[in-house]
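Quick notes on the structure that follows.
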Amino acid sequence: MWLRRGFYYAQFWAIPVLPLWLLIGRGIAIDGSGWELVFLLFAAPALSLALIVVMALTVARKSVRRSRVLSWVDVGILTVWYASIVVAGVFSSPLAAVAVVVFTLVAFWGVVWQLVVETRQRINLAFASYGAVPVTSR
C-alpha cells in the first residue's frame, strides 16, 4: 500500500524532475554537435506535457482520487517509464530515446484503458441500480 501511495505522489514530482534530469544529464554528457541540445530543448517540454497528461488521466479515475493509491498496473508501467527516462538522461543512445517514446505511449494507453474499464464498471453499476440494461463490452 505504501509503495502504491508513494507512486501516486511521485507522479506530481516527476513532472518537473524528470525533464530537468534529462536536460541536465544529457547536457553534461553531450558529445556530439549542439543540435542534440536543441532537440532536448524541445523534447523536455514534450515530456513534461506527456507526464501531465498521464497524471491527469490517472487522477481522473475515481478510485485513485478517493484513495490516493495507484493500481499495481500503474506502478509497473510508471516504474519502467521513469527508469527509461533516467537511462536516457545518462546514455546517449538512440535505443534509449526510442524506449522513452515507446514507454510513453504504453503509459498513456495503459492509463486510458484503466479509465475506460473503471468508468464502464461505474456506469453498469448505476444502470443496475435503476434496473436498466447494462452497457456491454465489445
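For GLN114, all conditions in the list (1) polar (S, T, N, Q); (2) under 24 Å from ALA29 (Cα atoms); (3) buried (at least 16 other Cβ atoms within 10 Å of the Cβ) hold save one; what is the number of the exception?
(2)
Filter the stretch 22-69 down to the residues that are surrounded by 17 or more Cβ atoms within 10 Å (Cβ to Cβ), modelled with pLDDT of 90 or more and of a type in the set (Lys, Arg) and list them by number.
Matches in the stretch 22-69: ARG61 only.
So for the stretch 101-123 (the condition being in contact with a Ser or Thr (Cβ under 9 Å, 6 or more places away or on another chain), part of a helix (DSSP H, G or I), more than 21 Å from ALA10 (Cα to Cα) and among the acidic types (Asp, Glu)), does at least one residue qualify?
Yes: the stretch 101-123 contains one or more residues that are in contact with a Ser or Thr (Cβ under 9 Å, 6 or more places away or on another chain), part of a helix (DSSP H, G or I), more than 21 Å from ALA10 (Cα to Cα) and among the acidic types (Asp, Glu).
Any residue in the stretch 51-62 that is part of a helix (DSSP H, G or I), among the basic types (Lys, Arg) and in contact with a Lys or Arg (Cβ under 9 Å, 6 or more places away or on another chain)?
Keep residues of the stretch 51-62 that are part of a helix (DSSP H, G or I), which gives 51-59, 62.
Those still in the list that are among the basic types (Lys, Arg) too: 62.
After this cut, where a residue has to be in contact with a Lys or Arg (Cβ under 9 Å, 6 or more places away or on another chain) as well, the list is 62.
Yes - at least one qualifying residue is present in the stretch 51-62.
Check the stretch 83-94 and report whether any residue there is on the phi < 0 side of the Ramachandran plot, free of Cβ contacts under 8 Å to residues at least 12 places away in the same chain and of a type in the set (A, V, I, L, M).
yes
Starting from the stretch 36-56, keep only residues that are over 16 Å from ALA88 (Cα atoms), then list their pairs with residues that are buried (at least 19 other Cβ atoms within 10 Å of the Cβ) and of a type in the set (A, V, I, L, M, F, W, C) whose Cβ atoms are within a distance under 7 Å, requiring at least 6 positions of separation or different chains.
If the second residue must be buried (at least 19 other Cβ atoms within 10 Å of the Cβ) and of a type in the set (A, V, I, L, M, F, W, C), the pairs left are VAL54/ALA107; VAL54/VAL111.
Just give me the residues in the stretch 33-70 being under 17 Å from ILE15 (Cβ atoms) and among the small types (Gly, Ala, Ser), in sequence order.
Answer for the stretch 33-70, where residues must be under 17 Å from ILE15 (Cβ atoms) and among the small types (Gly, Ala, Ser): ALA43, ALA44, ALA46, SER48, ALA50, ALA56, ALA60.
Applying the selection to the stretch 34-83, what residues are within 10 Å of the chain's Cα centre (by Cα) and of a type in the set (Phe, Trp, Tyr)?
Matches in the stretch 34-83: TRP81, TYR82.
Let me spell it out: the conditions are (1) more than 30 Å from ILE123 (Cα to Cα); (2) surrounded by 14 or more Cβ atoms within 10 Å (Cβ to Cβ); (3) of a type in the set (Gly, Ala, Ser), and ALA83 meets all of them except one. Which number is the exception?
Unmet condition: (2).
State whether the residues of the stretch 22-35 include one that is of a type in the set (Phe, Trp, Tyr), part of a helix (DSSP H, G or I) and touching a Leu at 6+ places or on another chain (Cβ under 7 Å). Let's see the steps before the verdict.
Taking the stretch 22-35 first, the residues of a type in the set (Phe, Trp, Tyr) are 35.
Then drop every residue that is not part of a helix (DSSP H, G or I), which leaves 35.
With the extra rule that they be touching a Leu at 6+ places or on another chain (Cβ under 7 Å), the set shrinks to none.
No, the stretch 22-35 has no match at all.
The values are calculated or read from the model by the stated rules, or taken from the named source; none is laboratory data. Everything quoted here is computed from the prediction, not taken from an experiment. In this analysis, Cβ positions are derived from the backbone assuming ideal geometry, glycine residues included, and neighbour counts consider all displayed protein chains.
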